[in-house]
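None of the figures in this text is laboratory data; all of them are computed from the coordinates on show. In this text the structure is predicted, and so the values were computed from the model without any measurement. Neighbour counts run over all protein chains shown; Cβ positions are idealised from the backbone, glycine included.
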Amino acid sequence: MSRTDNVSNLQQFPPLPAEPPEENRSPRRPVPINTLDWVSTPRSQLGVFSGTYFLSSVEQLEIQQVVDLSSLLGKSKNGAQYRVRVPRAETIFLAIEDSKECQRTFLRSSRELTLNIMDPSGETSFVIRKSLSWGCMPGFLHRVSVESTNYIGSVEQNFTVLGISFTVYDHNRTPLCFIDGPNVYSCCMSTETQFQIVSVDKSRQIASLIRHWDHALVDYSVLLTFTPDTDVKLKGLLLGAAFLLLAVQLLSEEGIYIYIVRWSRSILGGDASCAARCRMVVVIFAFIGVCLLLYYLFYLGFVCFLDCDIKLFFYDKFGKSADTLSGKVVWITGASSGIGEHLAYELAKGGCKLVLSARREAELHKVKTNCLAINPNLQDHDIHVLVFDVRAIESHQRVFDNVLSKYGRLDVLVNNAGRSQRAHWEQIDLAVDKEVFDLNTFSVVHLTRLAVKQFLHQGGGHVAVTSSLAGILGAPFSASYTGSKHAIHGYFDSLRMEKLTSNIKVTIVCPGPIQTDFLAESFTENVGEKYGQQTEIASNKLSAQRCAKLFASALANKLDEVWIGLASSLQLTYAVKYYPNVASLFMPYIGTTYIQKMRDAKVTVAVEQ
């Protein structure tokens, strides 16, 4: 659109009379009694001139918020009020907001409102209406309509990522001009912000709008400057645009700021000298908010590239290595295969003295031989094979005394023995539940109690237990196993809390799908029965070697709880743990079949429809 076309559009408006005919006159609303120095003058004493007449003769307008005691204390039941005047002159308009109190409290800049702009006679010259809107969503952007004796036009927000932009339309929705402002960050942090109002072809500036924000007084004002040939109706639209900018961008800032200022003034003092300190409080709050946003974005994005939780990742990269455990006496149960076997290899590299326990003696001796081969500095007496069944509670004291007689002390107990399960929830025999808990929970608790007593006697020690991601979320077709691992978390979290002031450390390790032969030994719904299937080798499982290395890092750095697994299982766990309401919405779409394939690389239990 050319400059000539733009001017012609403005000239197409019908002439606005100084005083509308009586039959077309819109209902007048008297000015309410308030603290303003505003005196409603009878129409008979003003002659025929209305507010629109004054608007047609000015080239600058200043909009100033009315701040009284009730608004500063947050007790005002009315909407915002503004003076509109020529700079350093008398008020020519009074703008009074009409909106619902609940929307002002909770919706802030998104609220629906009506601004009645009254002239000195107390009669309405303009009505500005803002609909309920959400400025961050396309299709729900902010918009105001401007009316006088009839509809004049509208000001509508343009969707942008960082900047502030509006388009001014006439009554036929023909664009008249654009309003462009700075980026959001500059607008929020500056005490003075300037907006450019340019023609549609952007060849000339039609007007300018400068906003000044007084942090000390919690007050703001707007200076609107027109070119001499600006049409009165365009001035009315730009006046509506100024109020829209106040309602959308500036009131949202003022809303947050004023609450912080009230709180900080109650602490720092109520005089004007606290302005700098109040502003510093706002900057600190803004900085904290940005840091929290970056923190959550980092967590959501970075975990996609990890095979453990973020805390363990950094400790594994930059923390202590397993070498720091050199010379420590470490007792590993369930050390004949899987995670326990490879953990023994990692600790042997670090020079630990090992006690290896399981039921299969031949397998334990193979592990011992491999450990001695990994670290030639270890001697035969540095690795002790101790065969026993952890479910035999009555033997715990005997084997524990055996360890103490061998090495004289115990530094780390790793409770790794356990078995998984595959069965339908409703078909599980109650005796199976007891069997699972005896192995996975009660034997672990009893042996740990003996260790804790010894740790208290010798002045410190470290307890670790292999739990599972199933101990954090509910794993389908593993009800007894899942329950036993949740119980482990309860027992050992309680132990950690009790021993906070002692030198006893507690570590819970939660592996996800790991490439071990766990299916063959898994419980079913029947007593004494093993699942017996071979575990598939799959790319969506973490290797036992990598899991053991991360386990050793958790021990070396004495971490409280760690999660180990590939991204898919970790993301699911993060969602269920930290965003349960969101997870409950998408879990039905994921389904149990997908979770089975993620755990076992195949469907191990038929899903009943």
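Summary table
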item	result
Whole-number percent relative contact order across the stretch 533-609, with pairs defined as alpha carbons under 8 Å at least 6 apart	37
Members of LYS353/LYS499; LYS406/LYS434; LYS434/LYS541; LYS366/LYS541; LYS549/LYS597 lying beyond 31 Å, as alpha-carbon distances in this model show	LYS406/LYS434
Difference of contour (0.36 nm per residue) and Cα-Cα distance, ASP201 to PHE298	30.7 nm
Net charge of Cβ neighbours under 15 Å - reference LYS328; Lys, Arg +1; Asp, Glu -1	+3
Theoretical FRET efficiency, 1/(1+(r/R0)^6), r = Cβ-Cβ of LEU372 and SER395, R0 25 Å, to 0.05	0.40
Under 14 Å, Cβ to Cβ, from ALA417 - net charge with Lys/Arg +1 and Asp/Glu -1	-1
Assigned charges on the beta-carbon of Lys, Arg, Asp, Glu; the stretch 310-580 dipole about Cα centre (debye)	840
Segment SER165-ARG108, extension gain: residue separation times 0.36 nm, minus the distance between their alpha carbons	18.5 nm
Net +/- balance of residues flanking PHE106 in space, Cβ distance below 14 Å, scoring K and R +1, D and E -1	+2
